[in-house]
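As structure tokens, the structure follows; a few thoughts come after it.
The values are calculated or read from the model by the stated rules, or taken from the named source; none is laboratory data. Since the model is a prediction, treat every value here as computed from it, not as a measurement. Cβ sites come from the backbone with ideal geometry, for glycine too, and all protein chains shown count toward neighbours.
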Amino acid sequence: MASRFVDGAPDFLAACRQGVGVAGQVGVAVQSGQLTAQADGLFRDVQRGHYGVITAALIALLARPLTGLFVSDPETTAVTVDALRIIAIGFVFAGIPPLISAYFQSLGRATPSYLISIGTLLIVKAPLVLALGTYGPTGIWISLPIGEAIAVVAAAGLLWKFGRPRTQPVRAPRPGASR
């Protein structure tokens with residue numbers, strides 16, 4: 001599985017090169033067949049793998065045994081199991097905003113990326129924890145997956161509004177052509 005992440009690195013590097021306008025380098029990489037500059041490649045694993053859903057299900061199902069590895073007090077165990085199961089819901093959404101943020105970085109668009117990574121933390125998640133924290137620990141735990149879901153909506157909105165590349169896709173240079 002680790003090789004899938006390593007295999008995806010060339011796609012990300014090519015997208016970064018295209019996004020900052022270093023077209024010649026991307027063309028050479030695309031010609032060699034090692035890299036691609038298509039944004040769809042960034043979303044391939046999320047669409048196919050459903051990693052967040054699988055992780056959330058595993059954490060929810062294994063909350064008690066996992067907690068038992070670290071806690072022996074029955075009361076603490078009960079609270080921790082409930083917290084893990086609530087927080088696990090957020091895992092379904094947690095990987096999407098960073099992925100969209102990385103996509104914007106690859107296009108050389110720092111503002112939408114910054115709004116997703118820092119903005120959702122300061123504008124959505126922290127205030128939500130403070131507001132729902134008044135209802136006790138359960139309010140805090142509930143605020144975390146809600147914040148992740150809102151971050152996905154915000155990131156998707158930014159992607160819909162600003163997600164188109166500024167430049168046309170780079171074509172591989174013809175053999176013998178000068179840069």
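Summary of computed values
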{"quantity": "Residue match in the range 167-177 (condition: crowded, with 17+ Cβ neighbours inside 10 Å and under 27 Å from His50 (Cβ atoms))", "calculated": "no"}
{"quantity": "Sole exception among (1) closer than 24 Å to Ile54 by Cβ; (2) at pLDDT 95 or above for Gly95, by number", "calculated": "(2)"}
{"quantity": "Some residue of the range 85-106 being more than 18 Å from the chain's Cα centre (by Cα), surrounded by 14 or more Cβ atoms within 10 Å (Cβ to Cβ) and not acidic (Asp, Glu)", "calculated": "yes"}
{"quantity": "Pairs with Cβ under 7 Å, 6+ apart, first in the range 63-81 and surrounded by 13 or more Cβ atoms within 10 Å (Cβ to Cβ), second at pLDDT below 95 and outside any helix (DSSP H, G or I)", "calculated": "Thr77/Val71; Thr80/Val71"}
{"quantity": "Members of the range 109-144 that are over 17 Å from the mean Cα position of the chain (by Cα) and touching a residue at least 40 places away in the same chain (Cβ under 8 Å)", "calculated": "Pro137, Thr138, Trp141, Ile142"}
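Conditions tested, residue by residue: (1) at pLDDT 90 or above; (2) part of a helix (DSSP H, G or I); (3) at positive phi; (4) among the charged types (D, E, K, R).
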residue: Thr36; (1), (2), (3), (4): no, no, no, no
residue: Ile54; (1), (2), (3), (4): no, yes, no, no
residue: Leu66; (1), (2), (3), (4): yes, yes, no, no
residue: Asp82; (1), (2), (3), (4): yes, yes, no, yes
residue: Ile116; (1), (2), (3), (4): yes, yes, no, no
residue: Leu130; (1), (2), (3), (4): yes, yes, no, no
